[in-house]
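Asker: Dropping a structure here in structure tokens format, bear with me for questions.
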Ligand code: SAH
Ligand code: SF4
């Protein structure tokens, strides 16, 4: 398969230029288009000769994807539907914070093999992993869309990124390296359903990425109702891996908790969750469920507030996800609802 232009290093491109009969400085120009102007389409690299543009397009996926559709409203979450080179679709979200900051919510896989029962992304299983180049190109398209580099990235779009470490990690490296996009790791959140081997590998990087763990339940019995068997790890192992991450990265871990009425939203669940979070020095982020076509319901506002109070009572820090975009199917877990129809 062809390589992706977006994750060719300066050294890779210099080598390619040498082999293809182009001077070394062309490699630098190509990198400047990518890292400085977020351009991956050789046709837009205006200072390159035509023959080189054509050669790049023939050699690499460049560009490898395009924005097929934008669903946006002023000051709201924008949902970008991206068409990949093999006609698959993924989605990313552009989330304005209100203070001028912009967060990208990026996908790491086409579909998801974990299949959490309330999440639209896993409905049809995993189609394939995204490559590092594709993850970077997603970011580039977002930057082109807003006309600048984003402030934060959360890997909370489609897919379980830690099941795709081989591609996600090089993308993280490029996003944070000085010769790449130079974003602070502290501004990048990797969210996982609790895939323990991947959590260990992320810890080994010893970088300050934010790790968010989608716990959703403080006991095995409740969790089994939400996450199917094969890829669900024991809560003890997940929390141990979270401790390890905190120790190696120096960052507090966040426990994500999607609230589902009558499933995981009782005061007893909240007390247990609060105790676990306190014991493991983790923050809790409550996410009221956004309706997909599943059998679940969002708890009432009173229930959510009571749950929040009870969780916080044990001393744990609790936040609630600010809700934006659910009206447009752009909230977490809803991004792929319509993708299958394309
Ligand atoms: N696979 C990773 C990252 C993508 S999902 C993970 O599971 O963490 C990102 C977050 O969105 C997870 O915390 C997930 O539980 C949440 N989510 C998915 N579907 C949702 C829905 N319908 N309503 C609310 N949160 C949802
Ligand atoms: Fe996959 Fe995360 Fe959705 Fe679960 S919540 S199906 S792990 S994307």
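Throughout, read-outs are computed from the coordinates displayed, never taken from laboratory work. Here the structure is a predicted model, which means the values were calculated and not measured. Counting neighbours? That spans all protein chains shown, and the Cβs are built from the backbone with ideal geometry, glycine included.
Asker: If R0 is 25 Å, what FRET efficiency do you get for residue 68 and residue 3 from their C-beta distance, rounded to 0.05?
Answerer: Result of the calculation: an efficiency of 0.60.
Asker: For Cα pairs less than 8 Å apart in space and 6+ apart in sequence, what is the mean separation divided by the residue count of the chain, i.e. the relative contact order in percent?
Answerer: On the way: 665 pairs, mean separation 48.5, N = 342.
Relative contact order for the chain comes out at 14 percent.
Asker: Using 7 Å Cα-to-Cβ label points, what is the residue 252/residue 320 separation (nm, one decimal)?
Answerer: 1.9
Asker: Let me ask another. Given only helices, namely DSSP H runs of n ≥ 4 each adding -39500 (n - 2.57), what is the per-residue ellipticity at 222 nm of the chain, to the nearest 500 deg cm²/dmol?
Answerer: -10500 deg cm²/dmol
Asker: Label points 7 Å out from Cα along the Cβ direction at residue 293 and residue 275: separation in nm?
Answerer: Each label point is offset 7 Å from its Cα along the Cβ direction, giving 4.1 nm.
Asker: Please compute the alpha carbon radius of gyration of region 221-274, then divide it by the globular-protein estimate 2.2 N^0.38 Å. Two decimals is fine. Intermediate results must be reported in sequence, preceding the final value.
Answerer: On the way: Rg = 12.9 Å, N = 54, 2.2 N^0.38 = 10.0 Å.
Compactness ratio reported: 1.28.
Asker: At 0.36 nm per residue, minus the direct Cα-Cα distance, what do residue 75 and residue 59 gain on full extension? Give it in nm, one decimal, please.
Answerer: Values: separation 16, 0.36 × 16 = 5.76 nm, distance 3.93 nm.
Separation in residues times 0.36 nm, less the Cα-Cα distance, equals 1.8 nm.
Asker: Could you tell me how many degrees, from 0 to 90 and to the nearest 10, lie between the Cα long axis of helix 165-176 and the main elongation axis, the longest principal axis, of the Cα atoms of the chain?
Answerer: Taking Cα atoms only, the helix is inclined about 70 degrees.
Asker: Something else: So how do 276-287, 230-241 stack up, highest first, on mean other-Cβ count within 10 Å?
Answerer: With the highest mean Cβ count within 10 Å placed first, the list reads 276-287, 230-241.
Asker: To the nearest 10 degrees, how steeply does helix 301-312 sit against the main Cα axis of the chain, on a 0 to 90 scale?
Answerer: Helix 301-312 sits roughly 90 degrees off the main axis of the chain.
Asker: Highest mean first, what order results for 209-217, 293-301, 110-118 on Cβ atoms within 10 Å? Can you show the working numbers first?
Answerer: On the way: 209-217: 23.3, 293-301: 14.0, 110-118: 21.0.
Ranking the peptides 209-217, 293-301, 110-118 by packing returns 209-217, 110-118, 293-301.
Asker: Given R₀ = 22 Å, FRET efficiency for residue 236-residue 268 by Cβ-Cβ distance, to 0.05? Spell out each step's value before the answer.
Answerer: On the way: r = 19 Å, r/R0 = 0.86.
The value I calculate is 0.70.
Asker: Using only C-alpha positions, report the orientation-averaged shadow area of the convex hull of region 246-308, nm², one decimal. Numbers along the way, then the final one.
Answerer: Values: hull surface 19.5 nm².
Its Cα hull, projected and averaged over all orientations, spans 4.9 nm².
Asker: Right, here's the next one. Counting pairs of Cα atoms in region 136-239, how many percent are more than 24 Å apart?
Answerer: In whole percent, the long-distance tail amounts to 29.
Asker: Can you tell me what the convex hull of the Cα atoms of region 1-158 projects to on average, as an area in nm²? Don't skip to the answer; put the middle values down first.
Answerer: Numbers: hull surface 40.9 nm².
The directionally averaged projection comes out at 10.2 nm².
Asker: Next question, about the same structure. Can you pull the Rg over Rh of region 3-61, Cα-only, Kirkwood?
Answerer: Taking Rg over the Kirkwood Rh, I get 0.89.
Asker: Turning to a different aspect of this structure: Any chance you could give the angle, 0 to 90 degrees and rounded to 10, that helix 235-249 forms with the longest Cα principal axis of the chain?
Answerer: Tilt of helix 235-249: around 50 degrees.
Asker: Another question about this same structure. What ranking, highest mean first, results for peptides 19-32, 55-68 when packing means the other Cβ atoms within 10 Å averaged over each residue?
Answerer: The peptides rank, most packed first, as 55-68, 19-32.
Asker: Further question on the same structure: How many angstrom lie between the C-alpha centres of region 229-267 and region 10-80?
Answerer: 39
Asker: In Å, what Rg and Dmax follow from the Cα atoms of the chain?
Answerer: Here Rg and the maximum Cα pair distance are 20.8, 69 Å.
Asker: Provide Rg and Dmax in Å for region 166-323, with only Cα atoms included in the calculation.
Answerer: 16.1, 50
Asker: So if R0 is 56 Å, what FRET efficiency would residue 43 and residue 221 give, r being the distance between their Cβ atoms, rounded to the nearest 0.05?
Answerer: The pair residue 43/residue 221 has a calculated efficiency of 0.50.
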